[in-house]
Amino acid sequence: MRDDVEVDLMRLLHGELPPREAAALRARLEHEPELAAAWRRLEAVWGGLAAPATAPVPVGFSGRVMAHVRAASRRGAPAGGAVSWAAAPNWLRASCAAALLAGLLLGAGLGAHGLPGEERSALAGEAGLSESYWRMIDDTPAVPALPSPPGGEVHR
């Protein structure tokens, strides 16, 4: 029997085959005696399987775990598995520093070049975002403040 047919039989047994494929395989089971015999064997083995009983937790397990945690905390190990930058290997720290430096240099290089010539001429008369914000605030007429009651907000 081919391996893909065995896989399809297992998928049929688990209920993983799409309905159309399952119907086609069941039709083949009716017409092919060798395939039907393999199906019966597989189904019998599957039905005879039982999950093993779960093992109980060994006596004193939680006490040993807590003793290990206390000993680790006395040695100065990071609590709760915290990650420390000082515990990182030197190659990792060096590569992180190099990546940070490369990012800073790339950002500085892109900022130094400014805008390309075409974009510069198109935006020559436009104000920047912060400048336009301050213009908007300066052009807004002063809104009169609401009168405050003589007793303050407590009496409202």
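The values are calculated or read from the model by the stated rules, or taken from the named source; none is laboratory data. Bear in mind the structure is a predicted one, so any value in this text is a computation, not a measurement. Virtual Cβ from ideal backbone geometry, glycine too; neighbours counted across all protein chains shown.
So that you can scan it fast, the table gives a plain yes or no per residue for (1) at pLDDT below 90; (2) exposed (fewer than 11 other Cβ atoms within 10 Å of the Cβ):
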| site | (1), (2) |
| --- | --- |
| E6 | yes, no |
| A22 | no, no |
| R28 | no, no |
| L49 | yes, yes |
| A55 | yes, yes |
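On inspection, R70 qualifies as farther than 30 Å from R26 by Cα, modelled with pLDDT of 85 or more and of a type in the set (K, R).
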